[in-house]
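**Student:** One structure, pasted below without further comment.
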Amino acid sequence: MVDRIRHDSPVLIIGLGRFGAATAGQLDRLDREVLAVEIDPVLVQKWADRVTHTVQADARSMDALIQLGAKDFDIAVVAVGSSVEASVLVAANLVDLGIPQIWAKAMSQSHGTILERIGVNHVIYPEREAGERVSHLVSGRMLDFIQFDDDFVLVKMYPPKPIRGLSLNESGVRSKYRVTVVGVKTPGKDFTYATGETVVSNHDLIIVSGTESDIERFAAM
């Protein structure tokens, strides 16, 4: 189903709170067509000139969604955050309309479980995920942190002292620390793919991949 959805398909966003507005704004900057549906007229007015289309409507109503043409969208985002009941009802409406890809914000694990059980494809936990990400970044050496479902992580960081001034082959990054340096950025230059001959200097930034535990140990050196 995902392969049949165009990469530039219009996106239906329900809710213009912080999460919904940030998503709508970013999609608009990427030149994606967006229809944002919000029940609060103040938020509708605020975002009217910032996204492609904003409409004041109650997405808990199936009739309202049908009138808006919601069933013609391939992608929808449920960004309702003030009420679990409203979020679940909106998501259920979108599932019933047969929208292929539905993303929904969850405020708790139980909320997320309900969303998954009614057919939401992707459940997002913005606050929890932001907290987990920040917990890794406060160590000081990591600058960005992306975690995948299978404990694989990708990190942008400053190089630990044991690998500075040496080629990656000489420092034995993969054999000693069980991580892989994917790319290196020297100040004033673009990121480049790393090879065994790449020498990492004190001022470089590196992109490293590996398991979370191995990356944490590597970053703490």
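The values are calculated or read from the model by the stated rules, or taken from the named source; none is laboratory data. Note that the structure is predicted; figures quoted are calculated from it, not measured. Every residue, glycine as well, gets a Cβ built from its backbone with ideal geometry; the counts of neighbours run over all protein chains shown. All accessible areas refer to the heavy atoms of the entire protein, side chains included, with ligands and DNA or RNA removed. Shrake-Rupley method; radii C 1.70, N 1.55, O 1.52, S 1.80 Å.
**Student:** Tell me, yes or no, whether the range 111-127 has at least one residue that is open to solvent by 90 Å² or more (accessible area, probe 1.4 Å), within 30 Å of Gln67 (Cβ to Cβ) and at pLDDT 90 or above.
**Tutor:** Yes; the residues of the range 111-127 include at least one that is open to solvent by 90 Å² or more (accessible area, probe 1.4 Å), within 30 Å of Gln67 (Cβ to Cβ) and at pLDDT 90 or above.
**Student:** Based on this model, can you work out whether Gly188 counts as assigned to a strand (DSSP E or B) and either open to solvent by 20 Å² or more (accessible area, probe 1.4 Å) or at pLDDT 90 or above (or both)?
**Tutor:** Here the answer is no, as Gly188 does not meet what is asked.
**Student:** Give the residue that is modelled with the highest pLDDT, with candidates limited to residues of the range 128-144 that are assigned to a helix (DSSP H, G or I) and of a type outside the set (Asp, Glu).
**Tutor:** Arg128
**Student:** Can you tell me how many residues in the range 145-177 are assigned to a loop (DSSP other than H, G, I, E, B) and within 16 Å of Ile207 (Cβ to Cβ)?
**Tutor:** Final tally of qualifying residues: 4.
**Student:** Which pairs turn up if I take residues in the range 175-193 that are free of Cβ contacts under 8 Å to residues at least 60 places away in the same chain and look for partners that are aromatic (Phe, Trp, Tyr) and part of a loop (DSSP other than H, G, I, E, B) with beta carbon separation below 9 Å, at least 6 apart in sequence or on another chain?
**Tutor:** Taking only residues 6 or more apart or on different chains, the pairs are Gly183/Phe191; Val184/Phe191; Lys185/Phe191.
**Student:** While we're looking at this one, here's another question. Specify which of the listed residues (Arg32, Arg4) is modelled with pLDDT under 90 and buried (at least 17 other Cβ atoms within 10 Å of the Cβ).
**Tutor:** None of the others qualify; the one that does is Arg32.
**Student:** Look through Gly17, Gly69, Gly81 and report the one residue that is touching a Phe, Trp or Tyr at 6+ places or on another chain (Cβ under 7 Å) and open to solvent by 10 Å² or more (accessible area, probe 1.4 Å). Reasoning before the result, please.
**Tutor:** Numbers: Gly17 fails: touching a Phe, Trp or Tyr at 6+ places or on another chain (Cβ under 7 Å); Gly69 fails: touching a Phe, Trp or Tyr at 6+ places or on another chain (Cβ under 7 Å).
Residue meeting the stated conditions: Gly81.
**Student:** Another question, then. Cβ-Cβ under 9 Å, sequence separation 6+ or interchain: first residue in the range 83-104 and without any contact (Cβ under 8 Å) to a residue 12 or more places away in the chain and under 18 Å from Tyr125 (Cα atoms), partner in a loop (DSSP other than H, G, I, E, B) and of a type outside the set (A, V, I, L, M, F, W, C). Which pairs?
**Tutor:** Going by the 9 Å Cβ cut-off, the qualifying pairs are Glu85/Arg60.
**Student:** When you look at Val51, is it modelled with pLDDT under 95 and touching a helix residue (DSSP H, G or I) at 6+ places or on another chain (Cβ under 6 Å), yes or no?
**Tutor:** So Val51 passes the test.
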